[in-house]
Amino acid sequence: MSHNSFGHLFRLTTWGESHGPAIGAVIDGCPPGLALSEADIQPFLDRRRPGQSRFTTQRQEPDQVRILSGVFQGQTTGTPIALMIDNTDQRSRDYSEVARKFRPAHADLTYHLKYGIRDYRGGGRASARETACRVAAGAVARRVLGPGIAIRGALVQLGPHRIDRTRWDWDEIDRNPFFCPDPVAAQAWEAILVDIRKQGSSLGAVIEVTAEGAPPGLGAPIYGKLDADLAAALMSINAVKGVEIGDGFAAAALRGEENADPLRMRDGLVQFGANHAGGILGGISSGQPIVARFAVKPTSSILTPVPSVDQDGQETEVTTRGRHDPCVGIRAVPVGEAMMALVLADHLLRHRAQNPHAPEAPRLPRN
């Protein structure tokens, strides 16, 4: 299977299956001399780790990361960084009933049609288990970006239930199991997900990720656009079915003057009066906060029987047993943050390579 690598100058390759002995990542292109240890990576994995609440899969994985290469005496060496995470709580027997059946809305059918073989144990490479590798690599990307760029994500919609943005509180995200910035919505979501789980079904979600402090100039015209790479990165996350930057689809309902982000000069620097563009203009970062949202479909592995077919072409029903997220979008929040970090780290290195003397806050000449 090809296409397991992502990025240009900062390049990530992930490997491993959901029920294999381990999963991992290889990062190539990380600059030398950056302080890095497992302790810098583990907190991000802990946020994504399964089994932390009754609203996520009860698979118990410690997700302890090991650095196998690319770091010496606590610093990156510039050589490939290999990361490994052991799988310790696989229950492959849970999938024996779907060994020859295709789960509707899952990648079972397309993997089989493409390769003629598939790993039915938890979905193999199509499992959200692979995203732990991205989160680990995203922690390394944050070291490249430095402390001046803050990346944060939040769950802003569960099924049809949206947050009230007037109650947005970033601190609230760490106080509930949903990464929700609205305490009222978070409380309501608990009852909703408990009911959905009892029904043997699942819900989708919308996640918003922002990056503040990113310098202007990241991205390139036409085929190297920052928003295009960011959209591709977010779309590559399991179960994601839509991505928007800034106002996204809502911009189609605005008039031109409403959608425009007014410009003013303050002390020789350009100031914006709004951020409908989500911090990206013409595919290049403007210095404003970069804002992206992505929609995650309902978890396809559910207890509710769904009509399907098997590998022999016989019609059947599929009921997926085992341990699954009633809303896979919850744990997608740290994954979205990681993909934002990976894209920005790659584009920051590309920008420095082409413009080594470019200031981070360009000034315009006064008249």
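Under 18 Å from a label point set 7 Å out along the Cα-to-Cβ vector of SER236, the amide N atoms of region 1-25 belong to 1-18, 23-25. Normalising the average separation of contacting C-alpha pairs (under 8 angstrom, six or more residues apart) by the number of residues puts the relative contact order of the chain at 22 percent. Each Lys or Arg adds one and each Asp or Glu subtracts one; over the other residues with Cβ under 10 Å from the Cβ of VAL206, this totals 0.
Computed over region 246-307, relative contact order equals 27 percent, with contacts defined as Cα pairs under 8 Å that lie 6+ residues apart. Quick check: at a probe of 1.4 Å, how many percent of the accessible area of region 64-205 sits on carbon and sulfur atoms? The C+S portion of the solvent-accessible surface of region 64-205 is 50 percent.
Label-to-label distance for GLN73 and ASP169 is 4.7 nm, based on points extended 7 Å past Cα in the beta-carbon direction. Axis of helix 183-198 versus longest Cα principal axis of the chain: the two differ by about 20°, to the nearest ten degrees.
How do the peptides 260-266, 139-145, 326-332 rank, highest first, by the average count of neighbouring beta carbon atoms within 10 Å per residue?
Details: 260-266: 11.0, 139-145: 22.7, 326-332: 26.4.
Going by the mean number of other Cβ atoms within 10 Å, highest first, we get 326-332, 139-145, 260-266.
Placing one equal scatterer on every Cα of the chain and applying the Debye formula, the log10 ratio I(q)/I(0) at q = 0.09, 0.11 Å⁻¹ is -0.54, -0.80. Indicate the gyration tensor shape class of region 179-219 (rounded, prolate or oblate), computed on the Cα atoms with a ≥ b ≥ c the square roots of the eigenvalues: a/c under 1.5 is rounded; otherwise a/b larger than b/c is prolate and the rest oblate. Oblate, because a/c is 1.5 or more while a/b does not exceed b/c. The order of the peptides 174-183, 34-43 by mean Cβ neighbours within 10 Å, most packed first, is 174-183, 34-43. Within the listed set GLU317, GLU17, GLU244, the residue fluctuating most in the Gaussian network model of the chain (springs between alpha-carbon atoms under 10 angstrom) is GLU317.
Where the only charges are on Cβ atoms (+1 Lys, Arg; -1 Asp, Glu), what is the dipole of the chain about its Cα centre, to the nearest 20 debye? Walk me through the numbers on the way to the answer.
Details: 41 positive and 40 negative charges, 59 e Å.
So the magnitude is around 280 debye.
Under the shape rule built on the C-alpha gyration tensor, where the axes satisfy a ≥ b ≥ c, region 91-234 is oblate, since a/c reaches at least 1.5 while a/b does not exceed b/c. Peptide packing for 186-197, 284-295, 304-315 was compared via the average number of neighbouring C-beta atoms within 10 Å per residue; ordered from the highest value, the list is 284-295, 186-197, 304-315. Listed by chain and number, the lysines whose C-alpha is less than 24 Å from the C-alpha of LYS114, apart from same-chain residues fewer than 8 away, are LYS101, LYS241, LYS297.
Express the relative contact order of region 158-288 as a whole percentage, based on alpha carbon pairs under 8 Å and six or more residues apart in sequence. Intermediate values should be presented prior to the final figure.
Details: 137 pairs, mean separation 30.6, N = 131.
The normalised contact order for region 158-288 reaches 23 percent.
The values are calculated or read from the model by the stated rules, or taken from the named source; none is laboratory data. What you see is a predicted model; the values in this text were computed from it and never measured. Note that we place each Cβ from the backbone using ideal geometry, even for glycine, and neighbour counts take in every protein chain shown. Quick note on the areas: whole protein, heavy atoms, side chains included, nothing else; ligands and nucleic acids left out. Shrake-Rupley method; radii C 1.70, N 1.55, O 1.52, S 1.80 Å.
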